[in-house]
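Below: one structure, written as structure tokens.
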Amino acid sequence: MAPNRALMTEEAPQRQYSLRKVSNALRWIVRSGAPWRFLPADITPWRVVYEQTQRWIRAAVFEAMVRDVRELMRVTGGKKG
């Protein structure tokens, strides 16, 4: 998991679900277009994913990821491979 998305360490006592599971669940929501509550319970509880996503939004994590990708593309000249 990218350090800029880990607003607290993986070992934090209040963390019950890994950031990878939460991130994968968020990707499922985005890919499927399903409402939060339709997230399959065996993946991660929807409320956990929703609350973590809200923390990432408040911390401007997604904007930082886009900025990082743009910077990488600029440095590499936008070349693939």
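Given a 1.4 Å probe and heavy atoms of the protein chains only, how would you sort F62, F38, largest accessible area at the top? Could the numbers behind the result be given before it?
Numbers: F62 70, F38 140 Å².
The residues order as F38, F62, largest area first.
By how many nm would the segment from Y17 to M73 grow when fully extended, if each residue of separation counts as 0.36 nm and the alpha-carbon distance is taken off?
On the way: separation 56, 0.36 × 56 = 20.16 nm, distance 3.25 nm.
Between Y17 and M73, full extension yields an extra 16.9 nm.
For a quick check: with amide H placed at 1.01 Å from N, whose amide H comes under 5 Å from A34's, ignoring anything fewer than 5 positions away on the same chain?
So A34 has HN proximity to no qualifying residue.
If the viscosity is 0.890 mPa s and the temperature 25 °C, what translational diffusion coefficient in µm²/s does Stokes-Einstein give for the range 27-72 when Rh comes from Kirkwood over Cα pairs?
Details: Rh = 11.8 Å.
The Stokes-Einstein estimate is 207 µm²/s.
Can you run phi through the Karplus equation (6.51, -1.76, 1.60; θ = phi - 60°) for the range 65-71 and list ³J(HN,Hα) in whole Hz, with x for Gly and Pro?
Karplus values, whole Hz, x for Gly and Pro: 5, 5, 4, 5, 5, 4, 5.
Carbon and sulfur together cover what percent of the accessible area of the range 18-72 at a 1.4 Å probe radius? Provide the component values of the computation, followed by the final result.
Values: 2150 of 3750 Å².
Solvent-exposed carbon and sulfur of the range 18-72 make up 57 percent of the total.
The values are calculated or read from the model by the stated rules, or taken from the named source; none is laboratory data. The structure presented is a predicted model; accordingly, all values stated were derived computationally and were not measured. Protein only, heavy atoms only, side chains kept; ligands, DNA and RNA dropped before computing areas. Shrake-Rupley method; radii C 1.70, N 1.55, O 1.52, S 1.80 Å.
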